[in-house]
Amino acid sequence: MQFDPSSEEYYENPYEIYRWLREEAPAYHNEKLGFWAVSRYDDCVEAHRDVATYTSTRGLTLDQLRSAEFGSIVEQVNSMIMMDPPQHHRMRRLVSKAFTPRAIASWEPVVVDVISRILDGLADREAFDAGVDFAGPFPSEAIAKI
């Protein structure tokens with residue numbers, strides 16, 4: 001079996017592939033696409049903690065990981081998800097109070113309102129694209145109100 005995260009087989013049923021990875025190839029290397037996938041929980045935790053060996057600064061997608069230009073984009077974007085310690089820890093401390101259970105619970109009325117308005121606007125349609133018509137506008141509308 002091969003793991004290609006952009007394959008139709010993966011999108012249709014990733015669970016069988018995940019099971020195969022955990023049981024047969026817990027440290028899977030795809031030479032053709034040039035990536036490694038770690039699939040067992042304990043191995044993922046170990047890799048997450050080993051920032052000397054594994055980095056988040058090369059991006060999130062295979063295209064980003066293989067791009068010679070992406071490193072400079074990461075520096076410009078300055079996104080927490082693409083930071084390693086200690087920079088990540090500093091940024092996380094700055095935003096942590098906004099993500100306590102109490103803070104998240106206080107957002108519920110706004111989230112319900114935004115979702116309701118988006119869905120009301122789609123109610124008369126026979127079909128819609130959930131990614132474009134619903135999920136697309138949701139984050140920016142919700143964040144603007146919070």
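The values are calculated or read from the model by the stated rules, or taken from the named source; none is laboratory data. No experiment lies behind these values; they were computed from the predicted model shown. FYI the Cβ positions are ideal-geometry reconstructions off the backbone, even for glycines, and counts take in every protein chain you see. What goes into the accessible areas is simple: the full protein's heavy atoms, side chains included, and nothing from ligands, DNA or RNA. Shrake-Rupley method; radii C 1.70, N 1.55, O 1.52, S 1.80 Å.
Do we have any residue at all in the range 63-81 that's open to solvent by less than 100 Å² (accessible area, probe 1.4 Å), out of contact with any Gly (no Cβ under 7 Å at 6 or more places or on another chain) and touching a residue at least 24 places away in the same chain (Cβ under 8 Å)? No, that holds for no residue.
When each of Leu33, Leu21 is tested for being open to solvent by less than 80 Å² (accessible area, probe 1.4 Å), modelled with pLDDT of 95 or more and outside any strand (DSSP E or B), the lone residue that passes is Leu21. Condition first: touching a helix residue (DSSP H, G or I) at 6+ places or on another chain (Cβ under 7 Å), closer than 30 Å to Phe3 by Cβ and modelled with pLDDT under 95. Can you find one or more residues in the range 105-123 that meet it? No, the range 105-123 contains no residue that is touching a helix residue (DSSP H, G or I) at 6+ places or on another chain (Cβ under 7 Å), closer than 30 Å to Phe3 by Cβ and modelled with pLDDT under 95.
May I ask you to list the residues in the range 9-37 that are farther than 19 Å from Gln64 by Cβ and polar (S, T, N, Q)? Asn13, the sole residue that qualifies. Being open to solvent by 50 Å² or more (accessible area, probe 1.4 Å), of a type in the set (Lys, Arg) and not in a helix (DSSP H, G or I): is that true of Arg58 here? The answer is yes for Arg58.
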